[in-house]
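Read-outs throughout are calculated quantities, based only on the coordinates presented, and are distinct from any laboratory measurement. Since the structure is predicted, the reported quantities are computational estimates derived from the model, not experimental observations. So basically every Cβ, Gly included, is an ideal-geometry build from the backbone, and we count neighbours across all protein chains shown.
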Amino acid sequence: MSTRKGEPVASHSTKDTQQTNLGSTVPRRPRHSAIAYTIRHRARMVIACLIAGVLVFVGTVAAATWFNIDHAVQERSVNSLIEHQEYLDPNAGQPIRFVLIGQDSRDAGNADIAGDGAENAGVHNADTTMVVEISADRQFINLVSIPRDSLVDVPSCTTSNGTIPAQYGVMFNSIFSTAYAVGGDLSSAASCTVSAINSLTGLNISNFIVVDFKGLAAMIDAIGGVDVCVPVHTVDANTDMDLPKGMHHLDGKSATNYARMRYGTGTDGSDIMRTTRQQYLIKSLFNEAISKNLFTQTSQLYQLVRAAINSLSISEGMADTAALVGLAMSLRNMPLDHLYMQTVPITAAPTDPNRVVWAPDADDVWNKFREDKPLFSTEDTTQPDANGDADGTDAPASPSETPSAAPSETADPSQQDSPAATPAPTIDPLTGLIKQHDGTLIDPETGGIVDPETGAIKDPDTNQYVGIAYQYLNSTVCAVPATKQ
């Protein structure tokens, strides 16, 4: 599904002040909804637990020691330099938005996972950035990845040690590293990243969560590892990774390395492809936790919560244990398949084929955030028509659907373009994908074309990765006995 680049606004300025060459967008006030869904009690509780562990919503602390958890939350609190600081209130009937940043730090404990050696010790980059929205009615979560190689224009930013002037045509991940170098702390790096996102999207976010390599690995180990489908034999000399095609149960270090790798086999070397693997890993973490009744495994539950909190740096507006508990419990009725994920639509940069820029329609995604709507609406999906689109519009044409030669003037018109000559597309009840008559697989949510070998979804217009067909990858590509590593 394509999106449109929004009018950017400088997040650190007042709402009536615009940065040079940067516009302003005021978010719409969302309406609260009281939609109720019914799911099994165990699934409800486990989803609250998982969100507590992975996204820092520590609603599971009832099974641990409150004092220890609360003390850890306060220790991990980071000062936010965003002027319009908001404080977490799960009962306000409003959507909750924050930025999730994966820090590419080579400090102690991270270098061996990064696989790039100790010569980069002390470097602080933003390896992964995701914008997260929890709906006002707590019935869905939107998560959009921003490629680190995006070329963007960003406003000036205040750090703990001075102001960084506005920047133009810079790589997105450089915002974090530049602010860290100038300000000298995580507060500067994360706050400037959030400020840039507000400018680029028209959103009004003040909170953030930062996690590093060892933190993610620790959380995965805390739940006993995670099942990962490897679609092709993957070898990466940087991390000593050698994974045959198939389903593998990976520990924290191996799973983190797989999600981060850019070189070796099984990858095209792009950051965009890596982003889809990171989205896949997050969904796999959800499924892994859901498959376990962690509430009967107090020790493992406590380790998960502690690993999550100790691995994360939380902006002061979210570092409230009671509010985090309330938020997690408010999500107990969220349907498990209402975690919507995609990469912000991008296209190749005209000045550098190794970089990307946001596609002109990127603002469609951020409009959904502003309007408190899910990225994908399953309720609006209908049966595909003869052209293969789920909503009755023309589906993306596959390479095999090129126009044929003009018919002979003497040909019988009644024999040409007969609707019966083209079989109607079908929907796979297991994966939900649309299969056209020529075998092309279409993802009904994004409208993208699915690679039958890897499950990767590409935009039919830009040929850029937009996501991964999670169910297809697990049930079709890796429909083999798991290989325990």
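Which of rounded, prolate or oblate describes the range 132-171 when judged by the alpha-carbon gyration tensor and an a/c cut-off of 1.5?
Because a/c hits 1.5 or more and a/b fails to exceed b/c, the range 132-171 counts as oblate.
Magnitude of the Cβ-charge dipole of the range 224-264, K/R +1 and D/E -1, about the Cα centre, nearest 20 debye?
Around 140 debye, computed over the range 224-264.
Longer than 32 Å from Cα to Cα, which of LYS373/LYS458; LYS245/LYS373; LYS245/LYS435; LYS245/LYS458; LYS368/LYS435 are they? Say none if no pair is.
Working: LYS373/LYS458 23 Å; LYS245/LYS373 37 Å; LYS245/LYS435 24 Å; LYS245/LYS458 21 Å; LYS368/LYS435 28 Å.
Distance filter (> 32 Å) returns LYS245/LYS373.
Just grab the label-to-label distance for THR462 and ARG262, each label 7 Å out from Cα along the Cβ direction, in nm (one decimal).
Once both label points are built, they end up 1.8 nm from each other.
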